[in-house]
1. Considering only region B:112-149, how many residues are more than 7 Å from every other protein chain (Cβ to nearest Cβ) and either in contact (Cβ under 8 Å) with a residue 24 or more places away in the chain or closer than 24 Å to A:Thr96 by Cβ (or both)?
2. Is it the case that B:Leu158 is modelled with pLDDT of 95 or more, out of contact with any Lys or Arg (no Cβ under 9 Å at 6 or more places or on another chain) and among the aliphatic types (A, V, I, L, M)?
3. Can you tell me how many residues within region A:173-192 are more than 10 Å from DNA strand C (Cβ to nearest atom) and either within 11 Å of chain B (Cβ to nearest Cβ) or open to solvent by less than 20 Å² (accessible area, probe 1.4 Å) (or both)?
4. Given the conditions (1) over 18 Å from the mean Cα position of the chain (by Cα); (2) under 16 Å from B:Ala136 (Cβ atoms); (3) buried (at least 16 other Cβ atoms within 10 Å of the Cβ), and given that A:Lys90 satisfies all but one, which numbered condition is not satisfied?
5. Among the residues of region B:196-219, count how many are within 11 Å of DNA strand C (Cβ to nearest atom) and over 11 Å from B:Val177 (Cβ atoms).
6. Specify which of the listed residues (A:Glu115, A:Glu98) is assigned to a strand (DSSP E or B) and of a type in the set (Asp, Glu).
7. When region A:69-87 is examined, which residues are found to be open to solvent by less than 20 Å² (accessible area, probe 1.4 Å) and at the interface with chain B (Cβ under 9 Å from one of its Cβ atoms)?
8. In region B:93-105, how many residues are surrounded by 20 or more Cβ atoms within 10 Å (Cβ to Cβ) and either away from chain A (no Cβ under 12 Å) or not charged (D, E, K, R) (or both)?
Number of protein chains: 2
Amino acid sequence: MLSQDSIAAVNHFVRQVPCEAERPTLQGLFSRQPIEKFEAGTAVFWEGDEADHVFEVVEGVLRIYKILGDGRRVITGFMYPGDLIGVSLKDRYLYTAEAVTRIQVRRFARQRFQEEINRSPELRPQLFARLCDEMAAAQDQMVLLARKSAEERVCSFLLLISRRLDRDGQALRVVEVPMTRLDMADYLGLTIETVSRIMTRLTSRGVISPSGRHAIIVRKSDKLTTLAGEVEADHNPSAAYTHQAVWPN
Amino acid sequence: MLSQDSIAAVNHFVRQVPCEAERPTLQGLFSRQPIEKFEAGTAVFWEGDEADHVFEVVEGVLRIYKILGDGRRVITGFMYPGDLIGVSLKDRYLYTAEAVTRIQVRRFARQRFQEEINRSPELRPQLFARLCDEMAAAQDQMVLLARKSAEERVCSFLLLISRRLDRDGQALRVVEVPMTRLDMADYLGLTIETVSRIMTRLTSRGVISPSGRHAIIVRKSDKLTTLAGEVEADHNPSAAYTHQAVWPN
DNA sequence: GCCAATTTGTGACGGACTGTAACAAGGCGT
DNA sequence: ACGCCTTGTTACAGTCCGTCACAAATTGGC
């Protein structure tokens, strides 16, 4: 499973070079494999299955989740076109991958995938970059789950998926939300009721408005950002903080 | 007291492969670098700093954390001897790394680190494996934060660090807890009071007993595992589940 | 197009965890 | 040994979110 966040821009960049003459890309690797389709609600693989394939999402959205002994479900991520699923060194999948919408994927034998990666000095950094992005996304999610309020979680989520499919990394005004409230709840560590209540609260405050059941329109983008509890990071390289010297020499 | 001594012994084990004749290891890469020491409470680097070094923990424990705009802190992980810190492709560190105890680290220039990794077909899979392990840990942590109760979180944490320094992956009876209650709370998404209350509850139930302020003795290991809410995974390869066929061909 | 099943929305209520605050226990330096 | 300061514990009131119950809106199947 890969990426989440800031990779949208990268995906676009990577995807626009699918033809064979160019320097190799991860997408290029998969492009010769046949496309497989899964209906919404069906699993591509299950947690604990022998992990002998890596998948590339071509179309649609999947959920990646784990189940606790007593049935509690935690969705650790949603996968979009361009993402890779099942990249790991374990011999068994660590999570279940299930289609949220009807999806198309390409499959690659793990062994061959590893060989190709190992052989190509061009592919390696690409894969490495993805793992790093995925790690960064996981950390953001930990922050969300550990310390954010229900409202902040929902707002963060809406921002996340609004940036997800946008090539510029800009938040789109109309946001597709293919997943159910239960999916959102299990991703955000909340209940459906809470998610539902917050969505209506955001609507009544004019921050968003519903557009059918599986899309919303963002009416107050800045407000949404504020409510998400993120510092809209100036990130100007000139040190904003006066850090203490950390060189002990 | 086993306490400090047991840690030292394990550390020694981890470090004992620095000689050059062997096939290259990540440890070996760092072994030529001078050791740097940091006092407890000091930062090795800060979130947002220019990310130009990778570090190997030689001795002690560090916390990795992010801060939300209004000061809320989330510790995303604790780093132990043998762990690498700062491995990413971003040009800035995504988190702050701070010494919990007095620590020793080795430093490696990021650029050179990348080159070495890229050059060595032996090192690459090692690094890759680490990233995958880190990712798996992050997912477990998401499960913990999203769905586990306060008691389950504390028990999971105690189990985690008890396994951490043990070469067999077996949980040690005497568990060092170098971090403060606040660290635990910020790692588990709880408050210090809750952590404190749960620890005393576990003590009064005879599951653990305190051994000084920074160590506990696990008295009922199985009970602790149960309370952690984990399925003690039989993981026998014979399919326990009847999975549906996932090959659409 | 119709009806059952699923998903979503809304309210009342309770409970787990929080936050404040007061106190106890170590740690550390003089 | 004595104080001071940090860290940890305990109690109690408050709150956010979960639980339960039911209604409304969609979806999907035929």
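1. Residues meeting the conditions: 14.
2. yes
3. The number of residues fulfilling the criteria is 6.
4. Result: A:Lys90 passes all but (3).
5. So the count comes out to 4.
6. Exactly one of A:Glu115, A:Glu98 is assigned to a strand (DSSP E or B) and of a type in the set (Asp, Glu), namely A:Glu98.
7. Of everything in region A:69-87, those that are open to solvent by less than 20 Å² (accessible area, probe 1.4 Å) and at the interface with chain B (Cβ under 9 Å from one of its Cβ atoms) turn out to be A:Val74, A:Ile75, A:Thr76, A:Gly77, A:Val87.
8. Final tally of qualifying residues: 7.
The values are calculated or read from the model by the stated rules, or taken from the named source; none is laboratory data. Computed from a predicted structure; not experimentally measured. Positions of Cβ are backbone-derived with ideal geometry, glycine not excepted, and every protein chain shown enters the neighbour counts. To get the accessible areas, we keep the full protein, side chains included, count just its heavy atoms, and leave off ligands, DNA and RNA. Shrake-Rupley method; radii C 1.70, N 1.55, O 1.52, S 1.80 Å.
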